[in-house]
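Trainee: Shown below is the structure under consideration.
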Amino acid sequence: MKIGILALQGTFIEHVHSIKKLGADTVEIRRPDELEGVDGIIIPGGESTTITHLMDYYGLVHPLKEMAQKGIPFLGTCAGMICMARSVGSPVNLQTLELMDIRVNRNAFGRQVASFEQALDIPVLGPRPFPGLFIRGPVIEDVGDGVEILARLENGTPIAARQGRLIATSFHPELMDDLRLHRYFLSLIG
């Protein structure tokens, strides 16, 4: 199993470490030819405006969309969720990949100094709470048919979703020691 991790900006190396701990191979994706033979794609946390601009600049937008249409699993964390969303509700001119039928609001938790960690109930990962780290993360404002909400904050705000073989989270599992979310993503491959 080989996982392509978008390595244009952000927390990509942390995803590399998480996936390798689970026994899968990784390749850092910066050009379209590096997508050859990957079984899954991770779009990391970082700065969504920068990531989307660089995806366009390096010609990755069309190949990534094609891969999702072919059923290749994707995991997007924080900025990765924004990149995968159908639309972005906050006022910004951002061309996303439009892979998941969700609308998100960028930086919904405020500035970086407002970052926080919260134990999350994510039933697909088992009964033990999952450590959610939120750093200027997005929230899901709207979902379309076929989108399953995987987790919510205590106030009901959706912060993780799945649509088929696509998973997106508002938080950063790659910055935590708990590998259950990455293991769940790998389970979608095959």
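Trainee: Across the range 4-20, what is the number of residues that are part of a loop (DSSP other than H, G, I, E, B) and of a type in the set (A, V, I, L, M, F, W, C)?
Mentor: So the answer is 2.
Trainee: Given the conditions (1) closer than 25 Å to residue 164 by Cα; (2) modelled with pLDDT of 95 or more, and given that residue 88 satisfies all but one, which numbered condition is not satisfied?
Mentor: Condition (2) is where residue 88 drops out.
Trainee: Name the pairs whose Cβ atoms lie under 7 Å apart, with the first residue in the range 166-177 and surrounded by 24 or more Cβ atoms within 10 Å (Cβ to Cβ), the second of a type in the set (D, E, K, R) and not in a strand (DSSP E or B), and 6 or more positions between them or separate chains?
Mentor: 174/14
Trainee: Could you list, in sequence order, the residues of the range 1-20 that are buried (at least 19 other Cβ atoms within 10 Å of the Cβ) and either more than 19 Å from residue 49 (Cα to Cα) or touching a residue at least 40 places away in the same chain (Cβ under 8 Å) (or both)?
Mentor: Within the range 1-20, 3, 4, 6, 8, 10, 11, 15, 16, 18, 19 meet the criteria.
Trainee: Please determine, by comparing only the residues of the range 148-169 that are on the phi < 0 side of the Ramachandran plot and of a type in the set (Gly, Ala, Ser), which one is farthest from the chain's Cα centre (by Cα). If you could, list the steps in order and put the result at the bottom.
Mentor: In the first step, residues of the range 148-169 are kept if they are on the phi < 0 side of the Ramachandran plot; the result is 148-155, 157-163, 165-169.
Now narrow it down to the ones that are of a type in the set (Gly, Ala, Ser): 151, 160-161, 168.
Details: 151: 14, 160: 9, 161: 10, 168: 4 Å.
Per the stated criteria, the residue is 151.
Trainee: Still on this structure, please answer the following. Report those strands (runs of 3 or more DSSP E) wholly inside the range 21-94 carrying at least 3 residues which are without any contact (Cβ under 8 Å) to a residue 60 or more places away in the chain. Steps first, answer last, please.
Mentor: Details: elements: 25-29, 40-43, 74-77, 85-88.
Passing ranges, in order: 25-29, 85-88.
Trainee: Next question. Can you name every residue in the range 95-110 that is in a loop (DSSP other than H, G, I, E, B) and modelled with pLDDT under 90?
Mentor: Scanning the range 95-110 gives 95, 106, 107, 108, 109, 110.
Trainee: Just give me the residues in the range 21-57 being in contact with a Pro (Cβ under 9 Å, 6 or more places away or on another chain), crowded, with 16+ Cβ neighbours inside 10 Å and modelled with pLDDT of 95 or more, in sequence order.
Mentor: Correct list: 35, 39, 40, 41, 51.
The values are calculated or read from the model by the stated rules, or taken from the named source; none is laboratory data. All values derive from a computational prediction rather than experimental measurement. Using ideal geometry, Cβ is built from the backbone for each residue, glycine included, and neighbour counts are taken over all protein chains shown.
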